[in-house]
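Engineer: I have a structure here, written as structure tokens, and I will follow up with some questions on it.
The values are calculated or read from the model by the stated rules, or taken from the named source; none is laboratory data. Small disclaimer: the values here were computed from a predicted structure and weren't measured. Cβ placement follows ideal geometry from the backbone for every residue including glycine, while neighbour counts extend to all protein chains displayed.
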Ligand SMILES: C[S@@+](CC[C@H](N)C(=O)[O-])C[C@H]1O[C@@H](n2cnc3c(N)ncnc32)[C@H](O)[C@@H]1O
């Protein structure tokens, strides 16, 4: 298998499709306007350390056609099968999903899709709850204010870097009050584990990262996954790239970014954001910035 560096060059340099953005656009990114199965099938086995994405939810957004649940799951199964083929032995897949809604009944997509990952023998490490403060105000059920990230690994030997994603401890100066360590700091000076509940604002109209995409996820959400689940120089793929939030998170931290989207307008925005990142002008919400509390 070619080295990860070589993979980036080979795939950025071919010219069999007019829609592929060429190497000169960004040496560490291969971004295409293309169906994800076609894009993924060109990539070599086990070449990605992290595959992180948020697929359509089959709820009739502007970028998707509503279809039957069976067909939706079938399409997801095809994409997940390719993702498993591309995943490095010590790599991770993170599938960020909310609910499919039909006639007021909700179908949590993580429940629906979990068996597809288990079918390939993947192991669930966390079901991360992403909670946020804003969204639709429901009249006949409680308003939804969370989505899920299913984090799977291919093996028991997987990359997990906790230190880069620690968050400030609540009581950083707290000391052991008895025992052999009495008087010493009881918590890690680098901060604490961020847990599996992440309170990160979703990208609504007043968010600094907002683009024309109706459902982009915050870059800080992906940054945490990139830092914890990959090492510098490794490759990160998003097969439903949208406006490139995953690619930005990867490139920001010295990883290679791969991704595709069917919509040319979104791919163009993704490239604009990458160029802004490289120019140092891209505005992003800092990864661990506390959520604004009007009562604080
Ligand atoms: C929920 S959005 C992802 C948004 C992304 N996380 C971001 O931050 O911009 C899903 C995206 O998948 C794209 N899409 C849907 N089906 C696709 C397919 N088969 N191949 C590639 N992209 C697809 C849509 O155009 C849409 O932009």
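Engineer: For region 244-274, give me each residue that is over 13 Å from residue 209 (Cα atoms), within 9 Å of the ligand (Cβ to nearest atom) and assigned to a loop (DSSP other than H, G, I, E, B).
Structural biologist: Answer for region 244-274, where residues must be over 13 Å from residue 209 (Cα atoms), within 9 Å of the ligand (Cβ to nearest atom) and assigned to a loop (DSSP other than H, G, I, E, B): 262, 263.
Engineer: Taking region 94-121, which residues are touching a strand residue (DSSP E or B) at 6+ places or on another chain (Cβ under 6 Å) and not in a strand (DSSP E or B)?
Structural biologist: Selection gives 98, 109, 110, 117.
Engineer: If residue 290 meets every condition in (1) within 22 Å of residue 146 (Cβ to Cβ); (2) within 14 Å of the chain's Cα centre (by Cα) apart from one, which number is that one?
Structural biologist: (2)
Engineer: Next question. Among the listed residues 213, 207, identify the single one that is buried (at least 18 other Cβ atoms within 10 Å of the Cβ) and modelled with pLDDT under 95.
Structural biologist: 213
Engineer: Kindly indicate which of 221, 277, 241 is under 16 Å from residue 36 (Cα atoms) and either over 17 Å from the mean Cα position of the chain (by Cα) or near the ligand (Cβ under 10 Å from one of its atoms) (or both).
Structural biologist: Exactly one of 221, 277, 241 is under 16 Å from residue 36 (Cα atoms) and either over 17 Å from the mean Cα position of the chain (by Cα) or near the ligand (Cβ under 10 Å from one of its atoms) (or both), namely 241.
Engineer: Collect the residues in region 43-93 that are more than 11 Å from the ligand (Cβ to nearest atom), part of a strand (DSSP E or B) and in contact with a strand residue (DSSP E or B) (Cβ under 8 Å, 6 or more places away or on another chain), keeping them in residue-number order.
Structural biologist: Passing the criteria: 48, 49, 50, 51, 87, 88, 90, 91, 92, 93.
Engineer: Quick check, is residue 227 at pLDDT 90 or above, buried (at least 19 other Cβ atoms within 10 Å of the Cβ), within 30 Å of residue 280 (Cβ to Cβ) and away from the ligand (no atom under 16 Å from the Cβ)?
Structural biologist: Here the answer is yes, as residue 227 does meet what is asked.
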